[in-house]
């Protein structure tokens, strides 16, 4: 993403997860606080991985740790809006993945926010980087390159 990005359309993403805003997500200005958007990113990606059967948050021997993140805000989201998170994989490396996420308010076709984060996959016990497990790679390959 460049410094002058414009909001993307829903069709630019390969998978979608719905997230319900909560009353506590709003800040004093009446919209979702900026830090909550990062939580939405994390929720969408991890929900996808759990549903794909390649992440057990309690016992998976390999887990993804966020080492970099970024977000651009285009328009407000507020409780009680419904958020649809579009997810795609921008880079699938040996031990890391760069996810790109667009957050869409209610039925909007253009993103209210979009961002990215990088997971480095590590051994849960040692915290040392490891190659992506085959099941994780298989789950993420369909998300690479944008929309199906």
- So residue 40 clears everything in (1) outside any strand (DSSP E or B); (2) under 17 Å from the mean Cα position of the chain (by Cα); (3) farther than 11 Å from residue 101 by Cβ except one condition, right? Which one? (3)
- Are any of the residues in region 95-112 modelled with pLDDT of 95 or more, out of contact with any helix residue (DSSP H, G or I) (no Cβ under 8 Å at 6 or more places or on another chain), surrounded by fewer than 20 Cβ atoms within 10 Å (Cβ to Cβ) and over 18 Å from residue 12 (Cα atoms)? yes
- Query: Within region 120-139, can you find the residues that are touching a residue at least 40 places away in the same chain (Cβ under 8 Å) and assigned to a strand (DSSP E or B)?
  - Reply: 120, 121, 122, 123
- Message: When you check residue 49 against the structure, is it surrounded by 13 or more Cβ atoms within 10 Å (Cβ to Cβ), in contact (Cβ under 8 Å) with a residue 60 or more places away in the chain, in contact with a strand residue (DSSP E or B) (Cβ under 9 Å, 6 or more places away or on another chain) and part of a loop (DSSP other than H, G, I, E, B), yes or no?
- Response: no
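The values are calculated or read from the model by the stated rules, or taken from the named source; none is laboratory data. Here the structure is a predicted model, which means the values were calculated and not measured. Please note: Cβ atoms are built from the backbone with ideal geometry, for glycine as well, and neighbour counts cover all protein chains shown.
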